[in-house]
Amino acid sequence: MFELFTPGRTGRSFLATTPNRWDWALLPLVLALLALAAYGAMQMTRPFVLGQPTPIALDPAYLPYYLLRTILRMFSALGCALVFTFVFAVVATRWRAAEKVLVPLLDVLQSVPILGFQAIAIAPFIALFPGNLLGVECAAVFAIFTSQAWNMAFSLYQSMKTIPPELAEAARVFRLSAWQRFWRLELPYAMPALLWNMMMSMSGGWFFLVAAEAISVAGQDIKLPGIGAWIAVAIEQKNGGAIAWAIGAMFAGILLYDQLFFRPLLAWADKFRFEESQGEHAQQSWLLDWGRRSAWLRAFSERMWALLGRTLGWFAAPADSAVAAPSQPRFALGPRTVDAILLALALLGGWRFLLFIHAQVGWSETLRVVGLGAITLARVMLLIGLASLVWVPLAVWIGLRPVYAQKVQALAQFLAAFPVNLMFPIVVYAIVHFHLNANVWLSPLMVFGTQWYILFNVVAGASTLPTELRLAADNLGLRGWLKWKRVYLPAVFPSFITGAITASGGSWNASIVAEYVTWGKTSLVADGLGSYIKQMTDAGDFHRIALGIGVMCVFVMLLNRFFWRRLYLLAEDRGR
């Protein structure tokens, strides 16, 4: 059984501990991070009146400040996404009736464009904090949250559904309550994959940063200080030098939080790998090594883990309770009744959608939009297939060699975070200069930022492959394709399905950016549902925006229900 908390430790007093040289080395870093966070939080709560101009200066001297504001928003969104992930995964795996609703709902949510979420959320947040910039900041954080939460929730849900039977049986034998099972088994088992998806979520936040920080509401353009707003202004002004500065600032920011946050977490979570012996190359972190040598930090962490360990007894199972699996709680309504209610709600929603089509947009327009959706569907499936052929073998190779995974980690995060908007100058120039077909050559932009979901998830799955299994395969003489067929591909298949589902949903979302490209006064448009929604958004036709988003949600739900869901159930069966 894994140990996330260590309840047996009592912890030493922090104030009674004598500092050593590592404490003095870490103290300036800690104080600097706290001071920067406090300053950034103070700037996020400044007075603001709707209509007040928010200029963005394309002066490199402002880039550190803009980078600070952006990173604070992204980590705020990441914290909210983590809470959402815990709640979603627990509810979806504990209650079958809830699972029938939440999993399809998550499919829909990840396909809804970020512009749709922003249009709904911006007015309530501004009304919640009148006269204060915090309302707009919350709207931006919410928009970033929608680009981070879904793949994290799918990752934890998939991990909790595919826990090895022997571990689940051990939890029953030890009479762990649902609370204890989550903290002692499910979350530690899912930790490596969850951390890789958290990195991917941060990168996804960068990908949609322009839409999150450059907000349009009530005819007003609000640009929050940040890298995304900088990029938006640079694209409007066709300022290639400013875009180059933004790329450098992005790389510096990703490298910074990789070294100070994700790399220590990955090294710490290496102990949760499901194997009896340590891997050949454990994850390394200079900051974690410093922290383990620090007397103050060691005393503080021991005290913290001791306090957290006491929470394991909050909802302990009674000592005389029967040994039982954490099965579904009893409901007043039977499964068939729940299915009937869900079917009735689905039919009601479909009927209302048909009435909306008949009254507001017409059937000829709807058929045209369905045809555009079919074009985007073909692009999505073709690009996901090609990306899988490229990245699955490479990701397995990287995941089996942690020493290389550490070297490419920051680079992969940077590539995944690279906003597709920054490629518009090159794409527009190439297509216009060489007279290329926009329907073909704009398509790769759809998968440019989402293909990394496949890479990160498969790397996470391969990195948890037990060393004993690899050694057993070598002893049996498995080589070449036979080894891939019998060992590697079955081991990473659940992780690949999680990554492919998220990449598919993200590609639908990214089609709004990829099928309608603008650089200065030059616009390139590809036929598809994404370009349709973008054009209707620019025209302010809310009925057709709703039609486009509704058709996109229907396509995604049908694709997930009849294709990805079947593969997911196959992965779940093989994981047991």
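The values are calculated or read from the model by the stated rules, or taken from the named source; none is laboratory data. Note that the structure is predicted; figures quoted are calculated from it, not measured. Methodologically, a virtual Cβ is constructed for each residue, glycine included, from the backbone with ideal geometry; neighbour enumeration extends over all protein chains shown. SASA here: full protein model, heavy atoms, side chains in, ligands and nucleic acids out. Shrake-Rupley method; radii C 1.70, N 1.55, O 1.52, S 1.80 Å.
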Could you list, in sequence order, all residues of the range 357-371 that are open to solvent by less than 80 Å² (accessible area, probe 1.4 Å) and farther than 18 Å from Tyr532 by Cα?
-> Ala359
Collect the residues in the range 160-208 that are β-branched (Val, Ile, Thr) and either under 30 Å from Met74 (Cβ atoms) or assigned to a helix (DSSP H, G or I) (or both), keeping them in residue-number order.
-> Thr162, Val173
Has the range 110-121 got any residue that is surrounded by fewer than 16 Cβ atoms within 10 Å (Cβ to Cβ) and over 30 Å from His543 (Cβ atoms)?
-> no
On the given criteria, is Gln360 touching a Ser or Thr at 6+ places or on another chain (Cβ under 6 Å) and in a helix (DSSP H, G or I)?
-> no
Report, ordered by the first and then the second residue, all pairs with beta carbons closer than 6 Å, sequence separation of six or more or different chains, a first member in the range 138-152 that is closer than 17 Å to Thr45 by Cβ and free of Cβ contacts under 8 Å to residues at least 60 places away in the same chain, and a second member that is open to solvent by 10 Å² or more (accessible area, probe 1.4 Å) and part of a helix (DSSP H, G or I).
-> Cys138/Phe125
Only one of Ala92, Ala98 that is at pLDDT 80 or above, under 28 Å from Ala340 (Cα atoms) and in contact with an Asp or Glu (Cβ under 7 Å, 6 or more places away or on another chain) = Ala92
Evaluate the range 473-496: report whether one residue or more is in contact (Cβ under 8 Å) with a residue 24 or more places away in the chain, in contact with an Asp or Glu (Cβ under 9 Å, 6 or more places away or on another chain) and under 24 Å from Gly449 (Cα atoms).
-> yes
Within the range 272-289, can you find the residues that are at pLDDT 80 or above and either open to solvent by 80 Å² or more (accessible area, probe 1.4 Å) or within 14 Å of Pro402 (Cβ to Cβ) (or both)?
-> Ser285, Trp286
Of the residues in the range 217-263, those that are open to solvent by less than 20 Å² (accessible area, probe 1.4 Å), within 30 Å of Leu288 (Cβ to Cβ) and part of a helix (DSSP H, G or I) number 8
Mind checking which residues of the range 478-536 are open to solvent by 10 Å² or more (accessible area, probe 1.4 Å) and acidic (Asp, Glu)?
-> Asp527
Mind listing just one residue for me: the one in the range 389-423 that is surrounded by fewer than 16 Cβ atoms within 10 Å (Cβ to Cβ) and not hydrophobic (A, V, I, L, M, F, W, C) and, of those, modelled with the lowest pLDDT?
-> Lys407
Candidates Arg181, Arg172, filtered to the one that is in contact with a helix residue (DSSP H, G or I) (Cβ under 6 Å, 6 or more places away or on another chain) and either open to solvent by 20 Å² or more (accessible area, probe 1.4 Å) or acidic (Asp, Glu) (or both) = Arg181
Of all residues in the range 537-554, which are open to solvent by 40 Å² or more (accessible area, probe 1.4 Å) and either part of a helix (DSSP H, G or I) or touching a residue at least 60 places away in the same chain (Cβ under 8 Å) (or both)?
-> Thr537, Asp538, Ala539, Phe542, His543, Arg544, Ala546, Val554
Of the residues that make up the range 438-457, is at least one in a loop (DSSP other than H, G, I, E, B) and over 23 Å from the mean Cα position of the chain (by Cα)?
-> yes
Can you name every residue in the range 465-521 that is under 30 Å from Ile235 (Cα atoms) and of a type in the set (S, T, N, Q)?
-> Thr502, Ser504, Ser507, Asn509, Ser511, Thr518
Unmet criterion (only one of (1) over 30 Å from Leu50 (Cβ atoms); (2) touching a residue at least 60 places away in the same chain (Cβ under 8 Å); (3) open to solvent by 40 Å² or more (accessible area, probe 1.4 Å)) for Leu105 | (2)
Does the range 45-52 include one or more residues that are touching a helix residue (DSSP H, G or I) at 6+ places or on another chain (Cβ under 7 Å), assigned to a helix (DSSP H, G or I) and open to solvent by 40 Å² or more (accessible area, probe 1.4 Å)?
-> no
